[in-house]
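Inspection log for the structure reproduced underneath, given as C-alpha cells.
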Amino acid sequence: MSEVKEEDISVDRSKMTVSETDVAIEINDMNKWYGDFHVLKDINLKVMKGERIVIAGPSGSGKSTLIRCINRLEEHQQGQIIVDGIELTSDLKRIDEVRREVGMVFQHFNLFPHLTIMENCTLAPMWVRGIPKAEAEETAMHYLERVKIPEQAHKYPGQLSGGQQQRVAIARSLCMNPNIMLFDEPTSALDPEMIKEVLEVMVNLAETGMTMLCVTHEMGFARQVANRVIFMDQGQIIEQNEPEEFFNNPQHERTKLFLSQILH
Amino acid sequence: MSNKFAYVRTEMAQAMPPPVTQTGVVGWMRKNLFSDIPNTIMTLLAFAFLVWTVPTLYNFLIGNAIFVAEDGTPCRAPEAGACWAYVIDRFDFYIYGFYPESEYWRPNLVFVVAAALITHLLWPELPFKGISAIAFFVGLPIFAVILLNGGSFGLPQVTTEKWGGLMLTLIIASVGIVVSLPLGVVLALGRRSHMPFVKYVSIAFIELWRAVPLITVLFMASVMLPLFLPEGTTIDKILRALVGVALFQTAYMAEVVRGGLQALPKGQYEAAHALGLNYFKSMYFIILPQALKHVIPGIVNSFISLFKDTSLVSIVGLFDLLGTVQATSALVEWKAPHQATTGYLFAAAVFWIFCFGMSRYSIYMERRLDTGHKE
C-alpha cells in the first residue's frame with residue numbers, strides 16, 4: 001500500500017466549506033444486484049454540497065459500484081438516487097442531464113487515444129454543452145494549466161506518462177464545469193512517484209469547494225482532505241465518520257481489521 | 001499550494017545516428033543475405049530459382065510476345081509467347097463491354113469525375129472534404145446513372161444490357177463498397193444494441209446473408225426474384241446484381257466492424273457516457289473512429305475480396321471484365337495457343353492493380369492514423 005505522507009502536500013482547508021442546506025446527492029434504501037449477486041445492500045447516503053467524501057473498503061466491497069451508480073454507469077434495481085435534484089430512472093434524458101453535471105475520473109484514465117489532449121478536453125463541452133470551439137479551447141487551456149500540463153495540449157494521450165494522463169482526465173472532466181466529481185481509484189494504476197502529482201491536483205480541486213466522492217486507498221489524502229470517511233464491506237456501508245475519529249477510534253470490528261491491514 | 005516539481009523536461013533528447021557498420025549496401029547484404037550458413041544457402045537457392053524462372057517469364061511476356069498483329073497468325077508460330085496484340089485489339093471490349101463506341105466519352109467522363117472525387121476524399125491533406133463527400137455519395141450516383149444510361153438531356157439511351165467490361169466491374173465494386181461500409185456499421189451497432197427487436201433483426205440479416213454463397217444470391221436475384229414480382233414489372237438485371245452484391249457484402253462488413261467494436265476497452269464507452277455524450281455522439285466521436293481504425297485491414301480485406309467476387313456476375317449473364325475476356329477467348333481470327341492465357345493474364349493484371357492499390361492505401365492510412373499506444 002503506497003501512501004503519501006501527510007506533510008508532503010500542503011492543504012488549505014479554509015475554503016473547503018460544506019453547505020448546511022444544499023444537498024448534492026441523496027441515496028435512499030438503494031439496492032443493486034448483478035444477476036443473483038447482491039452487490040449493494042440498503043445504501044443510504046446524503047452528500048451535502050462541498051463535501052469531500054472518501055470511500056474505503058476491501059476490494060469487492062462495492063465502493064466502485066456505488067459511485068458508478070451515481071452517474072448511472074451502473075443501474076440500481078431498488079431505492080432512489082437523486083443527484084443535483086434529478087432522480088435517476090431509466091429516463092435517458094435525465095441520465096444525460098445528471099452526467100453533464102457529474103464529472104468522473106477512472107482508475108485507467110480512459111482518455112480517448114485517437115484525440116489530442118486538447119480535443120479530449122473540448123469534445124464534450126462543444127458537443128454536449130454546445131460551447132463554441134474557441135471558448136471551449138480557452139476553458140481547456142485554463143484547466144490544463146491548473147493541472148500543470150498546458151504544454152502537452154497538442155500531444156496524444158499515448159505520448160504522456162500515467163500521472164500526466166490522469167491529470168488530463170481530471171482536466172477533461174472539469175471542462176464540463178461539473179458540480180460533483182467522482183473519483184474511482186484515481187491513483188491505483190499509477191507508479192508511486194506519479195501518485196503525488198495526481199493527489200496534488202485533487203487537493204487543489206478540493207480547495208475550490210468542489211463536492212467530491214473518492215474511492216481511494218490513499219489514507220493520507222483521506223485524513224487531510226476528506227470531511228467524512230465511509231467504510232464499506234460486502235456491499236454495505238459499515239461505518240462513517242470524520243477522518244480523525246475514523247482513523248483513531250474505529251467502532252466496527254471490520255473497520256479495525258481493515259485499518260490494521262493498511263496502516264502501518 | 002506550492003509547486004514541488006524540481007525539473008520537468010519538455011522536449012525529447014536528440015536521437016543519435018546508428019553505428020556505421022549497420023549502413024551501406026554491403027553491410028545490408030552481409031546482415032540480411034549471408035549472415036550464417038543456412039541463410040547463405042537460402043540466398044543461393046532463391047537466386048537459382050530466379051535464374052531459372054525470370055528468363056522464361058521474360059521470354060513469354062515480352063521477348064517472344066507478339067505486340068502488333070492484324071490477326072492471330074503471328075501468335076500461332078511455335079515459339080510465340082503472349083499474344084498481346086489480341087488483347088490490344090479487344091481492349092475496348094474489355095473496358096466498355098458492348099457500350100457503343102461513339103458514346104465511350106460518357107463512361108470516360110464518369111470515370112474521370114469519380115477518380116477526381118475519390119482522390120480528393122482519400123487525400124487527407126486536402127480541404128473541403130464535406131463538399132466532395134456529398135458530391136461523391138449523392139451527386140455522383142445520379143450523374144453516373146443519367147450519363148451512362150442516357151435517354152434524357154438529348155443523350156441516346158444505352159440500356160444496361162450493353163454495359164460491361166472493366167466499367168461494369170468498377171460499377172459493381174464501387175456500389176458494393178460504398179453501400180456495404182455504412183450499412184455494415186449500422187448492422188454491427190444494431191447487433192450490439194440492447195433493444196431486442198433491433199438486435200435480432202440485425203442478427204437475422206447478418207446470419208442469413210453470410211451463410212449463403214454469393215453465387216446463390218446472384219442466381220436468386222436473377223432467376224427467382226422475377227417469379228415473385230407481379231407480372232409486367234421488371235427490375236433491371238444489373239440493379240438486381242448490385243443489390244445482391246451490396247447486401248451480401250454488408251453482412252460481412254458488419255461482422256468486421258463488430259470485431260472492432262468488441263476490441264475497444266469498456267472504459268472508452270464509460271468515459272464517453274460519463275462526459276454526457278449520448279449514444280450517437282459517443283459512437284460518432286469516440287467509438288467508431290477507434291473501432292474502424294482497428295479493423296482497417298479487415299475492411300480492406302473485404303473490399304478486395306468483393307472486388308474480385310464481382311467476376312461472379314458473369315454467371316448470371318453479365319459481362320464484367322472477366323466475362324468479356326472469357327467471351328473472346330475463343331475468337332476464331334485470333335486463334336492461337338496462348339490466346340486465352342494472354343487474356344486471363346490481362347484480366348489478372350487489372351484486378352491486381354486495383355487490389356494492390358487498395359492494399360497500399362490501407363497501409364498508408366493505418367500508419368497515418370496511428371496515434372501511439374492504445375489505452
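Values in this text are rule-based calculations from the coordinates and carry no lab data. Note that the structure is a prediction, hence the values are computed from the model and not measured. All Cβ positions, even for glycine, are placed from backbone atoms using ideal geometry, and neighbour counts span all protein chains on display.
Values of log10 I(q)/I(0) for chain B across q = 0.07, 0.14 Å⁻¹ run -0.49, -1.30, by the Debye formula with one identical scatterer at each alpha carbon and no solvent. Share of pairwise Cα-Cα distances greater than 21 Å in segment A:153-264 is 43 percent (whole percent).
Peptides A:154-163, B:182-191, B:346-355, B:247-256 ranked from most to least packed, by the mean per-residue count of other Cβ atoms within 10 Å: B:247-256, B:182-191, A:154-163, B:346-355.
Applying a 4.7 Å cutoff between beta carbons, the unpaired cysteines of chain B are B:CYS355. Which helices, taking whole DSSP H runs in chain B, have alpha carbons extending 18 angstrom or more along the helix axis plus mean Kyte-Doolittle at least 1.6? In chain B, the long hydrophobic H runs are B:165-191.
Considering only beta bridges that DSSP places wholly inside the protein assembly as shown, some 50 percent are antiparallel. Residue farthest toward the positive end of the dipole of segment A:13-261, with Cβ of Lys/Arg at +1 and Asp/Glu at -1: which of A:CYS69, A:ILE149, A:PRO58? Highest projection toward the positive end goes to A:ILE149. Extents of segment B:24-84, taken as max minus min of Cα coordinates on every principal axis and listed largest first, are 54, 23, 10 Å. Taking every DSSP beta bridge that has both ends in segment A:13-261, the antiparallel portion is near 55%. Over 46 Å apart: what share of the alpha carbon pairs of the protein assembly as shown falls there, rounded to a whole percent? Roughly 41 percent, rounded to a whole number. The orientation-averaged projected area of the convex hull spanned by the Cα atoms of chain A comes to 14.2 nm². Could you let me know the centre-to-centre spacing of segment A:17-94 and segment B:66-118, using Cα atoms, in angstrom? Rounded to whole Å, the Cα centres lie 73 Å apart. Listed by chain and number, the lysines placed with their C-alpha closer than 16 angstrom to that of A:LYS148 are A:LYS196, B:LYS4; residues fewer than eight positions away on the same chain are left out. Residues B:TRP105, A:TRP33, A:TRP127, arranged from fewest to most other Cβ atoms within 10 angstrom of their Cβ, appear as B:TRP105, A:TRP33, A:TRP127.
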